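Nothing in this text is a laboratory measurement; each read-out follows from the coordinates by a stated rule. Values in this document were obtained by computation on a predicted structure and should not be read as measured data. Glycine also receives a Cβ, built like all others from the backbone with ideal geometry; neighbour counts cover every protein chain displayed.
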Amino acid sequence: MSPKFQPQAPGPNRLFCSEDDLKWGDFRDDLSRDGFAIVKGAIPRERADKIADQMYSWLESFDLGFDRNDLSTVHHTKLPVINEKGMCLNYAVTHEDWAWAVRTEPGVISTFEKVYDTHDLIVSFDVVNFGFPNRKDIAPNTPWPHQDQDPAKGGFRCLQGLVNLLPNGPDDGGLIVCKGGHRLSEQFHRDMAWEDRISAWTNEWYGFTDKGMEWLEEHGCKWEKLCAEPGDLLLWDSRTPHYNLSSTTDQPRFCIYTCYMPVTEATQEDLLRKREAFEACVGTTHWPNARHVGSNIAKRDGVEDPHNRLRPLNEPALGERGLKLTGIPYITA
Ligand SMILES: O=C(O)CCC(=O)C(=O)O
Ligand SMILES: [Fe+2]
């Protein structure tokens, strides 16, 4: 059987993040130079506000006592399981209609189309972030500087993104990046190859140790906390060292990770696994090729959460573009 769509591979204007490709006059120049960029208003403010409202309603839908207007109800007993980094991994949250609404926003898709110079993209089913300020009821979010790319595989391979959904100032938590670190990545891993690695559950993750952080500093890299308005799209090269901070104000931080790659960079096996993940309403990492898939079984106090959900509360109604982003129409067998 031939696929429903014949995919087009990335075109000649694909971003390579090399010295000589600073030529676009838009966010791609920042991305190439700094390893990160902000696309202002990728989602119109009104629609971003609506998504944040739906995210709050989703948290309240568990009926555990969380009330968006009362920060004292931010407690793990009153919420679905959210880790110290603000991430919610289960409950089919990544397939809620509002998560898909963000993934299929034209301003978000077109940004990634420019980066890869193709319309034939697939999107990750990544987790969702509900970062609440000053949490004392869960473990502290200590710095976890890392890159989301296998050090053994150099070069620009994947662009990560997140759509910011609440006002996000300097102390409101969120993404912190190491400016220019992407360009030093290969040199870093050559110089630091002697060092024992922090254990990781996937090769596509590398954690920076204190020594690694010193190396970055000695090579002139500075860390920068990115600030954004609702609807802004934050982008970073997977080689760029980064982590997230928790809010120290009264302002929560909500975001949805959105990462796309050309479908031609996924194998048929990847697409079949991705289809299974879609049908089972489970998540992936930020890598859209679904090398790793998640589960909807959250554990609360060591046992299965009685509030687990295997399907979204509101199923997404995907149009043709949304369906293509799942990769399913590109399956040949
Ligand atoms: O929440 C963020 O800003 C960053 C998250 C992150 O680094 C990751 O998911 O790998
Ligand atoms: Fe990351």
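Data for the structure
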quantity	calculated
Count of residues meeting criterion [more than 16 Å from ligand 2 (Cβ to nearest atom) and either under 26 Å from A92 (Cα atoms) or part of a loop (DSSP other than H, G, I, E, B) (or both)] in region 112-124	8
Unique match (being of a type outside the set (F, W, Y), within 27 Å of V81 (Cβ to Cβ) and assigned to a helix (DSSP H, G or I)) among K211, K274, K324	K274
Leading residue by the ranking (farthest from L165 (Cα to Cα)) among those in region 30-84 that are aromatic (F, W, Y) and not in a strand (DSSP E or B)	F62
Residues satisfying the stated conditions in region 196-245, i.e. out of contact with any Phe, Trp or Tyr (no Cβ under 9 Å at 6 or more places or on another chain), within 11 Å of D148 (Cβ to Cβ) and among the hydroxyl-bearing types (S, T, Y)	Y206
Residues of region 150-177 classified as closer than 23 Å to W201 by Cα and over 13 Å from the mean Cα position of the chain (by Cα), total	10
Residue match in region 139-158 (condition: in contact with a Leu (Cβ under 8 Å, 6 or more places away or on another chain), within 20 Å of I43 (Cβ to Cβ) and either of a type in the set (A, V, I, L, M, F, W, C) or within 12 Å of ligand 2 (Cβ to nearest atom) (or both))	no
Which listed residue, of L175, L162, is within 11 Å of ligand 1 (Cβ to nearest atom), outside any helix (DSSP H, G or I) and in contact with a Lys or Arg (Cβ under 9 Å, 6 or more places away or on another chain)	L175
Some residue of region 130-148 being within 29 Å of I328 (Cβ to Cβ), among the hydroxyl-bearing types (S, T, Y) and within 16 Å of ligand 1 (Cβ to nearest atom)	no
Residue in region 216-223 that is within 21 Å of F125 (Cβ to Cβ), touching a residue at least 40 places away in the same chain (Cβ under 8 Å) and either within 15 Å of ligand 2 (Cβ to nearest atom) or touching an Asp or Glu at 6+ places or on another chain (Cβ under 7 Å) (or both) present	no
Qualifying residue in region 187-197 (condition: on the phi < 0 side of the Ramachandran plot, within 14 Å of ligand 1 (Cβ to nearest atom) and part of a loop (DSSP other than H, G, I, E, B))	no
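Quick grid of which residues meet (1) over 16 Å from the mean Cα position of the chain (by Cα); (2) more than 11 Å from ligand 1 (Cβ to nearest atom); (3) surrounded by fewer than 18 Cβ atoms within 10 Å (Cβ to Cβ); (4) closer than 26 Å to Y330 by Cα:
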site: D232; (1), (2), (3), (4): no, yes, no, no
site: D237; (1), (2), (3), (4): no, yes, no, yes
site: H242; (1), (2), (3), (4): no, no, no, no
site: C255; (1), (2), (3), (4): no, no, no, no
site: P262; (1), (2), (3), (4): yes, yes, no, yes
site: A266; (1), (2), (3), (4): yes, yes, no, yes
